[in-house]
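Values in this text are rule-based calculations from the coordinates and carry no lab data. For clarity, every value in this text was computed on a predicted model and none was experimentally measured. Every residue, glycine among them, receives a Cβ derived from its backbone with ideal geometry; neighbour counts consider all protein chains shown.
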Amino acid sequence: MKSAEPVVSTKKENVRSKLSATLDMPVDFAGGMPRIVLTGNRTVLVENHSGIRAFSGEQVRIACIYGEIIIDGKHMRLNFLKKDEIEAEGEIAAVSYRQI
């Protein structure tokens, strides 16, 4: 017997796909997927986040719709934190995504 959770998730993804096609916009925009803009190895802008999970001078963990974005580096700091945007700055060594 299949669980209801994957079916609901699939239905939501189908609705998002149809909505994005109808409105002629990218699926990630319609679905609330995070958008990550890395500028060199100094700043990372994350849009469509769900908040900060952890912060230190060496790592920033940002929650998003299906997982978390992990920014590793040195001398990390937050330039700003808004409802839909976060910008982190420092000597960025790696940006990764972990699905939860």
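When 92, 65 are screened for being among the aliphatic types (A, V, I, L, M) and surrounded by fewer than 15 Cβ atoms within 10 Å (Cβ to Cβ), only 65 passes. Condition test on residue 78, is it in contact with a Phe, Trp or Tyr (Cβ under 9 Å, 6 or more places away or on another chain) and not hydroxyl-bearing (Ser, Thr, Tyr)? It is true that residue 78 is in contact with a Phe, Trp or Tyr (Cβ under 9 Å, 6 or more places away or on another chain) and not hydroxyl-bearing (Ser, Thr, Tyr).
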